[in-house]
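Contents: one structure, followed by commentary.
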Amino acid sequence: MNTQQTYVKALKLKGYTDIETIEGEIATGNVVILKISPLVAEDAYQVREVIRELREIVERREGDIARLGDERIVLTPKGIKIWRGA
């Protein structure tokens, strides 16, 4: 029986240094809602690169990633898929 608690965590993306923390959250089975707007205002190129790397991490771990409006993205661990219906 799995007794590990799963959390939904809201984090702010500040840069490349956050990748390891976010990967750790996904690895432990947590869902991450990532606010990207502070970094978008500062360095849009870096946001694209960080998100590209996060997408690769999530796909390797068989999770999912999607945008939530203009300011946030959601990343899920293995076993949790994001509905993209009508």
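Listed by position, the strands (runs of 3 or more DSSP E) enclosed by segment 1-73 that each have at least 3 residues that are within 23 Å of residue 84 (Cα to Cα) and touching an Asp or Glu at 6+ places or on another chain (Cβ under 9 Å) are 31-35. Cβ-Cβ contacts under 7 Å between residues 6 or more apart (or on different chains), taken from a first residue in segment 53-67 that is under 17 Å from residue 36 (Cβ atoms) and touching a residue at least 24 places away in the same chain (Cβ under 8 Å) to a second residue that is among the polar types (S, T, N, Q) and assigned to a helix (DSSP H, G or I), are absent.
As a summary of the residue check, residue 29 satisfies the conditions (1) at positive phi; (2) touching a helix residue (DSSP H, G or I) at 6+ places or on another chain (Cβ under 9 Å); (3) at pLDDT 95 or above except for the one numbered (2).
Residue-by-condition table, conditions (1) surrounded by fewer than 14 Cβ atoms within 10 Å (Cβ to Cβ); (2) over 13 Å from the mean Cα position of the chain (by Cα); (3) among the hydrophobic types (A, V, I, L, M, F, W, C):
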position: 18; (1), (2), (3): no, no, no
position: 35; (1), (2), (3): no, no, no
position: 38; (1), (2), (3): yes, yes, no
position: 51; (1), (2), (3): no, no, yes
position: 68; (1), (2), (3): yes, no, yes
position: 81; (1), (2), (3): yes, no, no
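Scanning segment 13-26 for residues that are hydroxyl-bearing (Ser, Thr, Tyr) and at pLDDT below 95 gives 16, 17.
Looking across 54, 39, one residue alone is hydrophobic (A, V, I, L, M, F, W, C) and in contact with a Leu (Cβ under 6 Å, 6 or more places away or on another chain). It is 39.
The values are calculated or read from the model by the stated rules, or taken from the named source; none is laboratory data. Predicted, not measured: the structure shown is a model, and the values here were computed from it. Because the Cβ atoms are built from the backbone with ideal geometry, glycine has one as well, and the counts that use them run over all protein chains shown.
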